[in-house]
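Peer 1: One structure, pasted below without further comment.
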Amino acid sequence: MIASTLKRRAGNFPVSSPSREIKTRATAEAGSKKQRFYKPLPTRFRRDGFDYRQIARERDAAIYEQKQIGGSNPSVCYEVVRIRRREGFQINSRFVEPAEVYPSSDAWGVDGFTFTDKDAAFAKLREVAGL
């Protein structure tokens, strides 16, 4: 009986319904010295006249709420992104640490998608995250 209850509720994870808070599932991963650390994507940032705020993350996918800076009636969009990682590299004598990266504009349509509807964005997040 418990197993059937769990199966029925399997789709009721936090990502199934939009929320104003960042939701991340807990994972049980053992750390090791061989595991690489990547600087995580920021949860808030500004770029090209827009404010971005991460509202959900599942595995290597996230939703960022996008608002125009300073508009009198700013429209809200939702960007669903597939999070990639880049290795660290050297620039002259400075080492740039490994980090997660936001998709470039060239990768839009493959690693990034824009929606005006929050429910559609959450549906795409589930698809991209493989849920």
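The values are calculated or read from the model by the stated rules, or taken from the named source; none is laboratory data. What you see is a predicted model; the values in this text were computed from it and never measured. FYI the Cβ positions are ideal-geometry reconstructions off the backbone, even for glycines, and counts take in every protein chain you see. What goes into the accessible areas is simple: the full protein's heavy atoms, side chains included, and nothing from ligands, DNA or RNA. Shrake-Rupley method; radii C 1.70, N 1.55, O 1.52, S 1.80 Å.
Peer 1: Once the Cβ-Cβ distance between Glu87 and Asp51 is put in as r, and R0 is 41 Å, what FRET efficiency do you end up with, to the nearest 0.05?
Peer 2: Working: r = 29 Å, r/R0 = 0.71.
FRET efficiency, Glu87 to Asp51: 0.90.
Peer 1: Carbon and sulfur together cover what percent of the accessible area of region 65-111 at a 1.4 Å probe radius? Mind showing how you got there, number by number?
Peer 2: Values: 1390 of 3020 Å².
Accessible surface attributable to carbon and sulfur in region 65-111 totals 46 percent.
Peer 1: How much of the calculated P(r) for region 30-120 lies past 15 Å, in percent of all Cα pairs?
Peer 2: Working: 2733 of 4095 pairs.
Summing the P(r) of region 30-120 above 15 Å gives 67 percent of all pairs.
Peer 1: Val76 versus Lys39, label points 7 Å from Cα toward the beta carbon: distance in nm?
Peer 2: Label-label distance for Val76 and Lys39, simple model: 3.0 nm.
Peer 1: Whose amide H sits under 5 Å from the amide H of Arg59, counting only residues 5 or more places off or on another chain, with H placed in the peptide plane?
Peer 2: The answer is Arg25.
Peer 1: Sticking with this structure for a sec: Any chance you could get the radius of gyration and Dmax over the Cα atoms of region 90-129, in Å?
Peer 2: Answer for region 90-129, Rg first and Dmax second: 15.3, 47 Å.
Peer 1: While we're looking at this one, here's another question. Could you report region 82-131's accessible area per residue, 1.4 Å probe, as an integer in Å²?
Peer 2: Numbers: 3090 Å² over 50 residues.
Roughly 62 Å² per residue, with all protein chains present.
Peer 1: In whole Hz, what ³J(HN,Hα) sequence does region 119-130 give by Karplus (6.51, -1.76, 1.60; θ = phi - 60°), x for Gly and Pro?
Peer 2: Residue by residue, region 119-130 yields 4, 5, 5, 5, 5, 5, 4, 4, 5, 5, 7, x Hz.
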